[in-house]
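Heads up: the structure comes next, in structure tokens.
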Amino acid sequence: MRARIAGLTGWSNTRDRTERARGAYETRRANLAERLDPDGAMRPDERAAAVDSAIKAQMARAAFARSRKAARR
């Protein structure tokens, strides 16, 4: 509970949310790119498209899980 309070307090004091989240966004993209193309064989544009698709797939899986959970209620 303390961690949640600290997190919410931190975000409430943040003026530029985009800048604060930029590091996490870039790290997520870099990790996905490394997982999708570990040997660096893809062209940069192909790699970026693959990362975009992987992020969309993650979001779709999360939405699906939420909808299944809501349906069980």
Return the Cα extents of the chain along principal axes one, two and three, sorted largest first, each rounded to a whole Å.
44, 37, 18
If every Lys and Arg gets +1 and every Asp and Glu gets -1 at its Cβ, then about the Cα centre the chain yields a dipole, in debye to the nearest 20, of 840
Formal net charge of residues neighbouring residue 14 (Cβ-Cβ distance under 13 Å; K, R +1; D, E -1):
+2
Residue-by-residue Karplus 3J(HN,Hα) for the stretch 24-34, coefficients 6.51, -1.76, 1.60, Hz, glycine and proline x:
5, 4, 5, 5, 4, 5, 5, 5, 5, 4, 5
Expected max-MSF residue from 47, 28, 17 in the GNM of the chain (alpha carbon, under 10 Å) is 17
Per residue of the stretch 64-73, in order, report the coupling 6.51 cos²θ - 1.76 cosθ + 1.60 (Karplus, θ = phi - 60°) as ³J(HN,Hα) in whole Hz, putting x for Gly and Pro.
4, 4, 5, 5, 5, 5, 5, 5, 6, 6
Given the DSSP H assignment, sum -39500 (n - 2.57) over each helix run of at least 4 residues in the chain and divide by its residue total; what's the result at 222 nm in deg cm²/dmol, nearest 500?
-28500 deg cm²/dmol
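Multiply the residue separation of residue 11 and residue 72 by 0.36 nm, subtract the distance between their alpha-carbon atoms, and state the gained length in nm to one decimal.
Working: separation 61, 0.36 × 61 = 21.96 nm, distance 3.18 nm.
Going from the current span to full extension adds 18.8 nm.
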Taking a crude spin-label model, label points 7 Å out from Cα along the C-beta direction, the residue 41 to residue 55 distance in nm is 2.5
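Computed from the coordinates by the stated procedures, all read-outs in this text should not be read as laboratory data. Here the structure is a predicted model, which means the values were calculated and not measured. Methodologically, a virtual Cβ is constructed for each residue, glycine included, from the backbone with ideal geometry; neighbour enumeration extends over all protein chains shown.
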